[in-house]
1. Residues in the stretch 185-199: is at least one out of contact with any Lys or Arg (no Cβ under 7 Å at 6 or more places or on another chain) and without any contact (Cβ under 8 Å) to a residue 12 or more places away in the chain?
2. Looking only at the stretch 57-89, filter to residues that are closer than 13 Å to T166 by Cβ and not aromatic (F, W, Y); which one of those is surrounded by the fewest Cβ atoms within 10 Å (Cβ to Cβ)?
3. Name the one entry in E128, E147 that is more than 12 Å from F165 (Cα to Cα), open to solvent by 50 Å² or more (accessible area, probe 1.4 Å) and in a helix (DSSP H, G or I).
4. Cβ contacts < 8 Å: first residue under 23 Å from F266 (Cα atoms) and free of Cβ contacts under 8 Å to residues at least 24 places away in the same chain, restricted to the stretch 202-231; second residue among the hydroxyl-bearing types (S, T, Y) and in a helix (DSSP H, G or I), any location; separation 6+ or different chain. Result?
5. Which of the numbered conditions does L159 fail, given that it passes all the others? Conditions: (1) open to solvent by less than 20 Å² (accessible area, probe 1.4 Å); (2) free of Cβ contacts under 8 Å to residues at least 60 places away in the same chain.
6. Working carefully through the options Q113, Q93, Q118, find the one that is at pLDDT 90 or above and not in a strand (DSSP E or B).
7. Within the stretch 193-243, can you find the residues that are assigned to a helix (DSSP H, G or I), of a type outside the set (D, E, K, R), closer than 13 Å to C255 by Cα and open to solvent by less than 20 Å² (accessible area, probe 1.4 Å)?
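The values are calculated or read from the model by the stated rules, or taken from the named source; none is laboratory data. Owing to the predicted nature of the structure, the values given are computational and were not obtained by experimental measurement. As a convention, Cβ positions derive from the backbone with ideal geometry for all residues, glycine included, and neighbour counts pool all protein chains shown. Ligands, DNA and RNA are excluded from the accessible area calculation, which covers all protein heavy atoms including side chains. Shrake-Rupley method; radii C 1.70, N 1.55, O 1.52, S 1.80 Å.
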Amino acid sequence: MKIVPPAFEIITPSFGSSFYYSQYIENANSKAHLWHYHPEIELVFVNGGSGKRQIGSHISYYTDGDLILIGSNLPHCGFTNEETGNKNETVIQMKPDFLGNEFFNIPEMRNIQNLFSQAKAGIAFEGETKKNIGIKIESMEKQSYFEKLMTMLSILSELELSNEFTILNADGFSMEMQMQDNDRINAVFNYVKDNFQEHITLEEVAVIVSMTVPSFCRYFKKITNKTFTHFVNDYRLVHASKLLAEKPISITEICYESGFNNFSYFNKSFKAFAGKSASQYRQEFRSVLK
């Protein structure tokens, strides 16, 4: 049984700055492959490329880059790897009170407080917002610390005013849990990430978190608002979406490479998940690229 422990990430702001800023060329972010969490709010911009986004219990496939705001202690995993095809990835991390509690309590900051509250479920920004904010984020690399701060506040304000966004996890979802809960759920997420192409039983996962199967099922549903089977199937279907878009292999091969062992069930599940058949999804994706 392969068990990967969760990672609690300790983040130190850049010297002379109240928040952390780093830009990685292509897929150079070595922290991306593990589920991890931290008290800092995280803003990630992926310039170009396509890949999987995995935030809380939400898993989806993105194209043409990504702009994500991740709330405090919300577990997440990898946005880029050697197959993403992105130019670079910029990560900004800040404590919820990175400018002091009093500063964020002034009337002008109420919109940013609202944004941070929404980010507890994860937010993906799209369209012109993604494009314009992405340019601002990358411009920060050569700015002074004071200019970075002013740009950061401007970005947060624009994000709060944008209507081009999707809340990634279900209404009321929040993973601000006790440390023990974070460790448990991250252990499960890492196990699914590494083993979704194989048959996964409830018994083996329950052992990882030292629970009985009925207790684990109740626990997982309470934390994620999904059954464990639903979560694993979503993971497999998002992987199938990625393969359909990127790999010139048959849909039958994609079914089995994604962890399904029944082609009819795969077709039915994919249509319910994507609103279209796997072949239609592939055709539409190719027509968009053309």
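1. Checked the stretch 185-199: no residue is out of contact with any Lys or Arg (no Cβ under 7 Å at 6 or more places or on another chain) and without any contact (Cβ under 8 Å) to a residue 12 or more places away in the chain.
2. So, considering only residues that are closer than 13 Å to T166 by Cβ and not aromatic (F, W, Y), the one surrounded by the fewest Cβ atoms within 10 Å (Cβ to Cβ) is S60.
3. Step by step, each of E128, E147 is checked, and only E147 is more than 12 Å from F165 (Cα to Cα), open to solvent by 50 Å² or more (accessible area, probe 1.4 Å) and in a helix (DSSP H, G or I).
4. Taking only residues 6 or more apart or on different chains, the pairs are V205/Y191.
5. Of the numbered conditions (1) open to solvent by less than 20 Å² (accessible area, probe 1.4 Å); (2) free of Cβ contacts under 8 Å to residues at least 60 places away in the same chain, the odd one out for L159 is (2).
6. Just one listed residue meets the conditions, Q118.
7. Y235, L237, V238, A240, S241, L243
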